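Peer 1: Please find one structure pasted underneath; my questions will follow.
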Amino acid sequence: MITILILIVVTSVYANNCSYIYDDIHYTRTSVLTIKGLPTNLAYNPNNNDLHFTLIDLESLHDDNVQTRMDQYVLRNGEPILIDNVRGQASAVDVKNNRVYIASDDGIGILNASDKVQFANLKDEDVVYLYKPVNSEDLYAVTYPNNEVFVIDTKNNEKRRIEYVPCAFILAVDAENNIFYECDSKYVKVLLKDFQEPIEFVGIAKNSARALTIDESNRVILAANDGLYWLKPDNVVPKKLMNLDFVPSGIVLNEDVIYLATNAQWIIASMIICSTATHDGEKCEKIKIGSEFYKRQLVATIDGYPTGLVMDPRTENMFFLLHKRNYTRGIHILRYGALGVQEIPISDDLTGQCVGIDVFNNIIYIGTNQGITTYNKDKNQITSERPIGDDDVRSIFFDKRDNLMYITTGPQHEIFKFINGSAAVKRYEKVPRAYNFILDAKGNAFYEYVDGRLYFFSVDLFEPIQYKGFTRELKYILQLNNFDEAILAVKSSLYRLTTSSIFPEKIAQLGTKITALFFDAKNNIIIGTKGKIYRYKPVDKNDPCPPDDYFMSSI
């Protein structure tokens, strides 16, 4: 018999709330399902919020004389639904193609709209585990009785055995195709791509690994008996991210929610980020970014979402591109204290594509498809004079060291810099092409190359170095904060980039997809998202609950 627990998330006034810390962020725990048996092999489908899991019958698990009985379920709208036309043993979600694979003792099938399984691959094979990477068409399968690992090309329906992984009980594959696995219930290992000898992680107790998953930043997360660990491909010592007071049997992450199955109470629990990050009894809501606390204030509501946002420090007017559905509505201005945003007029033969502010000379440049023009503040229009050059300008960046202007041009995103304040440009050889590009005060370059990967080029080195932990399908936003630190926005998170580590340092989880990022002169963080522009204002320790001094605008 199955019993459902429908619980409301407890607010943070209770003492036991916010008691779990994951990656320096406080979480609270609530149960979403109580069910008789051992839930494991969790898989989450973000396209429809379905949570898939395997339920192991505990009586047959502990009886060596009978085969362990397993069933496959999907938790949908709080209701567990049995996949009853196969003996399900595992599942994997193809997020890109919105497809769910089900492993059974008769092969691999695909779950249809009626929650029935249709055969797809490995007919007559006893498949006990599946893993689907986000960045490829491959599907990894483990077969019984030898727990051999196969990779299946789902596009061509071809399979091959992974030669240097002898067996696996749990498995995960990162964006670089490094294979993390645990075999024979002993220690966790990683087989790096193009290598033949697996590497064993140290410091984790024998027989303590329970489940593996990949988070949205392409970090491999291990659920062990005592907590959650980050497994890095270039470090044999895992980094512990969370302590647990129960033994997990499955894990999957969905942005701000961590789903954990446990064999202690036969429940699936969700670890939900607390609604407040305060711990000192204050009533106001604060958000921790790095080591500081901020208060979020709504600046404007807009019909669409902003990108390329910049602010004029003299007037605090914001400039940005407004996107609505599948088209761009041009460059808009949000004046400080105004009740609405305005589109900046531009001639019909020009298309505004970016904005750059020369703070030193008090000039606002508009990059267009036919060169660079300037913005006339008094007339609220782009100058009709001949543009500087005729390049297709995609982005503008000013180097604070010498105030030189850099531009990214054309579909190839080549980078040029202006010479000594003149209209003459030359190619920036250090970074030939990039989507996102910034330089800090030391001359270190941080950029997203046109291959979709993130790099830094240190002034102390002779070639660029790639950051690890991200897939190239992600969209990046790069900015310098007022402390000359490179800050990266990815989905709903902020990271700090340095030239001393190839791993970005996560400093905040904001809970909303970021489309624009800017740091103003008052150390406020301006965040653009779908339909909104927010200001994150540092909280003064002497005034822990600042008033809501936002101004709302709408169109």
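Peer 1: Long-range amide H contacts for Leu75: which residues qualify at under 5 Å (H placed 1.01 Å from N, peptide plane, sequence gap of 5 or more or a different chain)?
Peer 2: It is Leu51, His52, Phe53, Ile81, by chain and number.
Peer 1: Further question: Quick one: net charge of Thr512's neighbours, Cβ under 12 Å, K/R +1, D/E -1? Mind dumping the intermediate values first?
Peer 2: Values: positive: Arg296, Lys491, Lys513, Lys530, Lys532; negative: Glu255, Asp256.
Here the charged neighbours net out to +3.
Peer 1: Sticking with this one: If you count, for each residue, the other Cβ atoms within 10 Å and average over each peptide, how do 144-154, 41-51 line up from highest to lowest? Let's see the in-between values first.
Peer 2: Working: 144-154: 16.6, 41-51: 18.6.
The densest-packed peptide leads the list: 41-51, 144-154.
Peer 1: Using θ = phi - 60° and the Karplus form 6.51 cos²θ - 1.76 cosθ + 1.60, what ³J(HN,Hα) does each residue of segment 163-177 get, whole Hz, x for Gly and Pro?
Peer 2: Per-residue couplings from phi come out as 5, 9, 10, x, 6, 7, 9, 10, 7, 8, 10, 7, 5, 8, 6 Hz.
Peer 1: Between [x] 190; [y] 177; [z] 164, which entry matches volume of the Cα convex hull per residue in Å³ as derived from the coordinates of this structure?
Peer 2: [y]
Peer 1: Right, another one. Which of the lysines could a cross-linker span from Lys442 if the Cα-Cα distance has to be under 20 Å and same-chain partners fewer than 8 positions apart are dropped?
Peer 2: Within the straight-line cut-off, Lys442 pairs with Lys400, Lys417, Lys430.
Peer 1: Enumerate the calculated ³J(HN,Hα) couplings along segment 344-361 in order (Karplus 6.51 cos²θ - 1.76 cosθ + 1.60, θ = phi - 60°), each rounded to whole Hz, writing x wherever the residue is Gly or Pro.
Peer 2: Couplings: 7, x, 8, 5, 5, 8, 10, 10, x, 10, 6, 10, x, 10, 8, 5, 4, 9 Hz.
Peer 1: Could you pull out every residue, at least 5 positions away or on a different chain, whose amide H is within less than 5 Å of the one on Thr374? Hs are placed 1.01 Å off N in the peptide plane, and Pro or chain starts have none.
Peer 2: Answer set, sorted by chain and number: Ile366, Thr383.
Peer 1: Under 20 Å Cα to Cα from Lys513, which lysines show up? Leave out anything in the same chain fewer than 8 places away.
Peer 2: Lys96, Lys286, Lys288, Lys295, Lys324, Lys475, Lys491, Lys530, Lys532, Lys537
Peer 1: Please report how many Lys pairs in segment 102-197 have alpha carbons closer than 22 angstrom, counting only residues at least 8 apart along the chain or sitting on separate chains.
Peer 2: 11
Peer 1: As an exercise, identify the GluC sites (Glu not before Pro) in segment 375-444 lying in DSSP coil whose Cβ has no more than 10 other Cβ atoms within 10 Å.
Peer 2: Loop-located and lightly packed - Glu385, Glu429.
Peer 1: Okay, moving on. Just to verify a number: what accessible area does Met311 come out at with the full protein assembly present, 1.4 Å probe, Å² rounded to tens?
Peer 2: Its heavy atoms expose roughly 10 Å² to the probe.
Peer 1: A further question on this structure: For Thr315 and Asn112 in the same chain, what is the full-extension length gain: residue separation times 0.36 nm, less their Cα-Cα distance, in nm?
Peer 2: Full extension of this stretch gives 67.5 nm more.
Peer 1: Follow-up. Of all the accessible heavy-atom surface of the chain, with the other protein chains kept in place and a 1.4 Å probe, what percent is carbon and sulfur?
Peer 2: On the way: 12550 of 26540 Å².
Summing carbon and sulfur atoms, their accessible area is 47 percent of the total for the chain.
Peer 1: Enumerate the calculated ³J(HN,Hα) couplings along segment 447-459 in order (Karplus 6.51 cos²θ - 1.76 cosθ + 1.60, θ = phi - 60°), each rounded to whole Hz, writing x wherever the residue is Gly or Pro.
Peer 2: Result, rounded to whole Hz: 7, 9, 6, 5, 7, x, 9, 9, 9, 10, 10, 6, 5.
The values are calculated or read from the model by the stated rules, or taken from the named source; none is laboratory data. This is a predicted model, so every value here is computed, not measured. Cβ atoms come from the backbone with ideal geometry, glycine included; neighbour counts cover every protein chain shown. Quick note on the areas: whole protein, heavy atoms, side chains included, nothing else; ligands and nucleic acids left out. Shrake-Rupley method; radii C 1.70, N 1.55, O 1.52, S 1.80 Å.
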